[in-house]
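Trainee: Just passing along the structure, written as structure tokens.
The values are calculated or read from the model by the stated rules, or taken from the named source; none is laboratory data. Remember, predicted model here, so these are calculated numbers, not experimental data. Glycine gets a Cβ as well: all are built from the backbone with ideal geometry, and neighbour counts include every protein chain shown.
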Amino acid sequence: MKIAVIADIHGNVVALDAVLADLEKRGGADLIVNLGDCVAGPLWPRETFERLEKLGLPTVRGNHDRRVAEKVSDEMWPSDRFAHEQLTPQQRDALAALPLQLEIASSVLAFHARPDHDERYLADAIVDGYLVRAPLVAIEKRLGQLDPAYRLLLCGHSHRPELVRLSDGRMIFNPGSVGEPAYFDDTEPAHASQQGSPHARYGMVEIDPEGAMHFEFFAITYDWESAARQAEQTGRPEWAHALRTGFMPA
């Protein structure tokens, strides 16, 4: 079984289309799983939603999917507000209705951040204002009483491509972000996530008949300049910098 894994598109339909085209060139997959945060961002939220709606992928709810669907308030983050205003009420309701977690196969569980929470990091820690890999003991504690029958855990949220083997052999796989290669979160403790290049990221897992898992990460060149210009036109120069470089502004 070949499972293509995408996450954190954040309204970047240009990057999404490049990923889908690259996947097709590689022969496709038995299943494409979307790990959420589909549309939030100053790019093309409605176009991205419509593209994903046509694809009909198994999809879990990201924290920004939930936030986009909420009532507008002074506390709403600008990227969520922009997407909220671009979507129809029906589209926002569809995002809110996405499941927190989804069983992809008998041994595969998909979720956005953690199995029980859409906004808390699983495999990451904040050190000196940046995301880094968390200690193994912390990662395993965060999984709590999750059924160990799930041997493969698919997650996104951090935008950092990651592969972690737990002490009992279970695997955590984060493909990185399709459409937002870096971000800054001012929630205390404030921190940045940086993929280090502007490429669109996705991943592939192949599970052989004996149950062995093989992983690949992909970084795809696409027209990130057009995405950066779109961010500039919507008044988000920091997004434009991240889209062009994979880093947040210094």
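Trainee: Does Ser167 qualify as being free of Cβ contacts under 8 Å to residues at least 60 places away in the same chain, touching a strand residue (DSSP E or B) at 6+ places or on another chain (Cβ under 9 Å) and part of a loop (DSSP other than H, G, I, E, B)?
Mentor: no
Trainee: Also: Exactly one of these conditions fails for Leu163: (1) in contact with a Phe, Trp or Tyr (Cβ under 8 Å, 6 or more places away or on another chain); (2) at pLDDT below 95. Give me its number.
Mentor: It is condition (2) that Leu163 fails.
Trainee: Which of the residues spanning segment 124-139 are loosely packed, with under 12 Cβ neighbours inside 10 Å and acidic (Asp, Glu)?
Mentor: Selection gives Asp128 alone.
Trainee: Condition first: assigned to a loop (DSSP other than H, G, I, E, B) and either surrounded by fewer than 18 Cβ atoms within 10 Å (Cβ to Cβ) or aliphatic (A, V, I, L, M) (or both). Now tell me which residues in segment 140-160 satisfy that.
Mentor: Within segment 140-160, Gly144, Gln145, Leu146, Asp147, Pro148, Ala149 qualify.
Trainee: For the structure I just gave you, tell me whether His199 is surrounded by 10 or more Cβ atoms within 10 Å (Cβ to Cβ) and over 29 Å from Leu31 (Cβ atoms).
Mentor: In short, no.
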